[in-house]
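If you scroll down you'll find the structure; I have some questions about it.
The values are calculated or read from the model by the stated rules, or taken from the named source; none is laboratory data. It should be emphasised that the depicted structure is a prediction, and the values quoted were computed from it without experimental measurement. Here the Cβ positions follow ideal geometry from the backbone for every residue, glycine too, while neighbour counts run over all protein chains shown. The protein model used for the area step is the full one, side chains on, heavy atoms only, and it has no ligands, DNA or RNA in it. Shrake-Rupley method; radii C 1.70, N 1.55, O 1.52, S 1.80 Å.
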Amino acid sequence: MASTSYWKLAVSLSVFGSICLIPGSHGAYTREIVNDKLPLQERPPWLQTCKRSNPNEDKCFRQLFEGCFPALAAGIPEIGVKSFEPLNIDQVSVSKGSGNLVLSGGFQDLVIRGPSNATVRRASLDLERRLLNFELELPRLRIRAKYNLKGNILLLPLVGNGDVAMALKNVHTTVYTRISLRNETRTGDEIIHIDEMKVGFDVGAMRIHLKNLFNGNEILAASINSFLNQNGKEVIAELRPDLELGLADIFHGLWNNVFSKMPTKLWLV
């Protein structure tokens, strides 16, 4: 009985961790995004202004930050910012474990729906201390992708490829960043650059389904999917440190791509 419980836990952690962790080198969003578009030179209607001397007065920066979300959801092609809704990630590479737990492969064509429904609970900008922090609440995220996994759990081979679907409810994300003020190389405009980022998150509930596990063995696949859905919060808690690093890696490039195209002269007055 003990070996059966360990096998189930090992499989569930490896599979779930594979889905959510390391962005591949060809991903749509990685630590730095190559974008040769010039920054904005006129303030668009969706970009609010705040006092440079106190951007947090009357929750101004929080309102500014939240006010950007509809434009980001739609995408801003003139400055090379892709749509956040849905959020597309091209490739996720998998390389995890050793000894009794070995897993490799990848995920392709991840489509994440729901980021545009985020509510900004808190956002603050401290230019003197070079800090930019925010908290988001997302009622629901729906994720679909293709996967291809191969490895071994104990002495049992694990092979699967097909579709994966996942839903996360009541996602609370906290982001802490350390920033610097830089000059855009072509225009000389002052921009915010995120130098370091730390992400924390909590998930209220999770549902997941991996198709075609174990080359279509429905009995083994049903056992894994059932375990994941019955123990979703525990699985996420076990993987939280690695998941938070993976999220920070993706968000770091995503938000730098946005701030690099929004000169401070347009919104800090």
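In this structure, is V159 surrounded by fewer than 19 Cβ atoms within 10 Å (Cβ to Cβ) and either β-branched (V, I, T) or modelled with pLDDT under 95 (or both)?
Yes: the conditions hold for V159.
Scanning for something surrounded by 13 or more Cβ atoms within 10 Å (Cβ to Cβ) and small (G, A, S), does segment 172-180 turn up at least one residue?
No, because not a single residue in segment 172-180 is surrounded by 13 or more Cβ atoms within 10 Å (Cβ to Cβ) and small (G, A, S).
Quick one: what pairs do we get from segment 250-269, first residue open to solvent by less than 10 Å² (accessible area, probe 1.4 Å) and part of a helix (DSSP H, G or I), second hydroxyl-bearing (S, T, Y) and modelled with pLDDT of 95 or more, C-beta under 9 Å, 6+ apart or different chains?
Matching pairs, first to second residue: H252/T177.
For a quick check of your reading of the model, give me the residue pairs whose first member lies in segment 185-205 and is farther than 23 Å from R130 by Cα and open to solvent by 60 Å² or more (accessible area, probe 1.4 Å), whose second is at pLDDT 90 or above and assigned to a strand (DSSP E or B), with beta-carbon atoms closer than 6 Å and at least 6 apart or on different chains.
D202/H172
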